[in-house]
Amino acid sequence: MVGHTDSPAICVVGAGIVGASAALHLARLGATKVTVVDAGEPLAGTTPAGAGFVAAFAADTNRRLHPDCVPLETYGVDFYTDLDARGHDIDFSARGNLVLALTPEKYSWLQAGLLEHPARLPGTRAVTPEEINGLTSGAVNTDKVAGGVLMPEGIQVTTGKAVLAMLEELRAADADLRFSTAVTGILRDADGRVTGVTTTQGDISADVVILACGAWVNDLLTPLGQQLPLVPVVATRMVSADVGVPADLPTIQCPELGLWIRELHGAWSWGVGSAYRRASLLEGVDTSIGRPVAAELIEAQQAAQPQVAEVFPTLAGQAAVTTIQGMPVYSADGNLYAGAVPSAPGLFALSGDNESGVTHGPGMGRLVAEMVLGHEPFVSPTSFRLDRTDPADFVDEDAVVAVMAGDRVADALD
Ligand SMILES: Cc1cc2nc3c(=O)[nH]c(=O)nc-3n(C[C@H](O)[C@H](O)[C@H](O)COP(=O)(O)OP(=O)(O)OC[C@H]3O[C@@H](n4cnc5c(N)ncnc54)[C@H](O)[C@@H]3O)c2cc1C
């Protein structure tokens with residue numbers, strides 16, 4: 001909390017889904033001096049690459065998210081539902097999230113993991129191939145499927161449109177939005193307290209600075225002697241031509257194929273784990289602020305397509321109309337960071353999205369806004385503290401990767 005009676009000057013660094021959410025929640029809680037600074041133009045970073053799945057992913061044994069994330073996830077569902085209800089076009093659809101198993105063994109594994117998860121949401125249920133046929137209007141070749149689990153809370157949005165809607169609301173709330181302005185450092189007084197930021201367009205004074213700069217957060221933390229144990233990973237999404245995919249499909253995941261897939265305007269929007277790779281291992285790929293282009297991952301996804309098309313037949317032979325890549329960041333313990341930077345009073349950071357920033361962005365933004373403005377946090381901030389991990393345990397990225405052995409994305413890391 002800041003010791004001001006009037007509204008503190010707050011600078012949010014990053015206008016992706018996480019930074020836009022933080023700024024919007026600050027404005028909604030009454031902050032009147034909110035500046036959002038982004039190195040690029042709107043939608044410059046990872047967010048538009050996001051596939052727009054939103055569900056209670058912390059209630060899934062396939063993820064290492066802390067159970068405290070579940071209230072952030074259900075808040076994310078509510079937040080986008082409200083954004084849609086208030087007339088923003090975000091391609092909103094509420095059809096649940098369906099996790100498919102191809103073999104009876106995996107079906108048992110899925111049921112044990114999801115149906116017996118202590119944090120599962122009401123209504124989570126096993127579904128037979130016949131039910132899957134109905135749920136997907138015949139878009140899935142159920143001869144290849146042993147069963148699935150439906151997470152009924154799942155929704156889907158177009159991530160870029162959601163950010164643009166938030167920026168529109170921020171403009172209406174008189175927030176100061178500055179694009180093509182890279183933050184180059186954090187200003188502090190003699191006591192180490194934050195006083196603003198230096199940027200490529202001059203200094204900005206602020207009582208509070210919130211870093212929401214995605215995969216590049218450590219660029220600004222390292223000079224302060226602080227570093228979060230994170231691994232940026234390049235991930236790939238492809239969108240096919242309109243092949244008449246039914247619009248009423250749930251979002252779909254299939255762990256055996258390393259697959260996530262959904263309908264988007266009659267097309268398939270999809271990605272596979274084999275088209276993910278630790279960014280630092282990709283030679284010749286520019287991973288500076290923006291979005292990378294990694295040809296080898298595009299080829300890897302194309303190579304996986306025939307196998308995916310055995311289960312989703314209308315994807316067979318379809319060239320990608322759009323290919324978009326981005327850099328989610330994975331944390332050592334698989335959980336999010338949302339909290340104060342211990343060594344710099346007035347500085348906060350939101351990071352470690354673990355490829356779920358669309359889902360958690362609204363909740364992370366609400367949580368940090370409540371902390372900054374001294375409101376009672378809607379969820380305990382303890383699990384998300386930055387000092388829960390000791391930097392001394394993670395001298396470099398390899399040390400982070402070492403503790404991630406067995407993680408669902410481990411294959412992408414070495
Ligand atoms: C292929 C793919 C599929 C995904 N699918 C899903 C999904 O279905 N569901 C889900 O929940 N998540 C998904 N994700 C993850 C999700 O997209 C990310 O977690 C989320 O977009 C991260 O948002 P962000 O705001 O942290 O980062 P970004 O969108 O990258 O925003 C960070 C911003 O900070 C700016 N910035 C960085 N450094 C500076 C600086 N020094 N000065 C000023 N500005 C700076 C950048 O320009 C950028 O605009 C997916 C990601 C990918 C790549």
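The values are calculated or read from the model by the stated rules, or taken from the named source; none is laboratory data. Everything quoted here is computed from the prediction, not taken from an experiment. Counting neighbours? That spans all protein chains shown, and the Cβs are built from the backbone with ideal geometry, glycine included. Side chains are part of the model used for accessible areas, which takes the heavy atoms of the whole protein and leaves out ligands, DNA and RNA. Shrake-Rupley method; radii C 1.70, N 1.55, O 1.52, S 1.80 Å.
Here is a yes/no grid of residues against (1) in contact with a helix residue (DSSP H, G or I) (Cβ under 8 Å, 6 or more places away or on another chain); (2) part of a loop (DSSP other than H, G, I, E, B); (3) within 13 Å of the ligand (Cβ to nearest atom):
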position	(1), (2), (3)
Ser137	no, yes, no
Gly160	yes, no, yes
Val163	yes, no, yes
Arg171	no, no, no
Ile186	yes, no, yes
Val217	no, no, yes
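Give the residue that is most open to solvent (accessible area, probe 1.4 Å), with candidates limited to residues of region 379-404 that are under 30 Å from Leu83 (Cβ atoms) and touching a strand residue (DSSP E or B) at 6+ places or on another chain (Cβ under 6 Å).
Filtering first and then ranking leaves Arg385.
Just wondering, is there one or more residues in region 86-97 that are of a type in the set (A, V, I, L, M, F, W, C) and either more than 19 Å from His360 (Cβ to Cβ) or without any contact (Cβ under 8 Å) to a residue 60 or more places away in the chain (or both)?
If we filter region 86-97 for residues that are of a type in the set (A, V, I, L, M, F, W, C), which is where we start, we get 90, 92, 94.
Next, only the ones that are either more than 19 Å from His360 (Cβ to Cβ) or without any contact (Cβ under 8 Å) to a residue 60 or more places away in the chain (or both) stay: none.
Among the residues of region 86-97, not one is of a type in the set (A, V, I, L, M, F, W, C) and either more than 19 Å from His360 (Cβ to Cβ) or without any contact (Cβ under 8 Å) to a residue 60 or more places away in the chain (or both), which makes the answer no.
Go through (1) open to solvent by less than 30 Å² (accessible area, probe 1.4 Å); (2) not in a strand (DSSP E or B) and name the single condition Glu376 misses.
Every condition holds for Glu376 apart from (1).
In this structure, does Ala303 turn out to be more than 30 Å from Phe179 (Cβ to Cβ), open to solvent by 10 Å² or more (accessible area, probe 1.4 Å), without any contact (Cβ under 8 Å) to a residue 24 or more places away in the chain and not in a strand (DSSP E or B)?
Considered against the rule, which asks whether it is more than 30 Å from Phe179 (Cβ to Cβ), open to solvent by 10 Å² or more (accessible area, probe 1.4 Å), without any contact (Cβ under 8 Å) to a residue 24 or more places away in the chain and not in a strand (DSSP E or B), Ala303 comes out as no.
Restrict the check to region 20-27 and report whether at least one residue is within 13 Å of the ligand (Cβ to nearest atom), touching an Asp or Glu at 6+ places or on another chain (Cβ under 9 Å), on the phi > 0 side of the Ramachandran plot and touching a residue at least 40 places away in the same chain (Cβ under 8 Å).
no
Right, Ala344: within 16 Å of the ligand (Cβ to nearest atom), crowded, with 20+ Cβ neighbours inside 10 Å and of a type in the set (Gly, Ala, Ser) or not?
no
Among (1) within 16 Å of the ligand (Cβ to nearest atom); (2) over 23 Å from Pro229 (Cα atoms); (3) hydroxyl-bearing (Ser, Thr, Tyr), which single condition is Thr314 missing?
Thr314 satisfies every listed condition except (1).
Can you confirm whether Gly185 is buried (at least 16 other Cβ atoms within 10 Å of the Cβ) and not hydroxyl-bearing (Ser, Thr, Tyr)? Working first, answer last.
Details: buried (at least 16 other Cβ atoms within 10 Å of the Cβ): no; not hydroxyl-bearing (Ser, Thr, Tyr): yes.
No; evaluated as a whole, the condition is false for this residue.
What is the residue count in region 222-236 for residues that are assigned to a loop (DSSP other than H, G, I, E, B) and out of contact with any Ser or Thr (no Cβ under 7 Å at 6 or more places or on another chain)?
1
Residue-by-condition table, conditions (1) polar (S, T, N, Q); (2) under 23 Å from the mean Cα position of the chain (by Cα):
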residue: Ala85; (1), (2): no, yes
residue: Asn97; (1), (2): yes, yes
residue: Tyr107; (1), (2): no, no
residue: Ala112; (1), (2): no, no
residue: Gly123; (1), (2): no, no
residue: Ala126; (1), (2): no, no
residue: Asn133; (1), (2): yes, no
residue: Thr136; (1), (2): yes, no
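Given the conditions (1) surrounded by 22 or more Cβ atoms within 10 Å (Cβ to Cβ); (2) part of a strand (DSSP E or B), and given that Thr323 satisfies all but one, which numbered condition is not satisfied?
Of everything listed in (1) surrounded by 22 or more Cβ atoms within 10 Å (Cβ to Cβ); (2) part of a strand (DSSP E or B), Thr323 misses just condition (1).
Looking at Val285 and the list (1) within 11 Å of the ligand (Cβ to nearest atom); (2) of a type outside the set (Phe, Trp, Tyr); (3) touching a residue at least 40 places away in the same chain (Cβ under 8 Å), which single condition is not satisfied?
(1)
Being free of Cβ contacts under 8 Å to residues at least 40 places away in the same chain and within 30 Å of Gly192 (Cβ to Cβ) is the filter; apply it to region 219-274 and report the residue that is nearest to the ligand (Cβ to nearest atom).
Asp219
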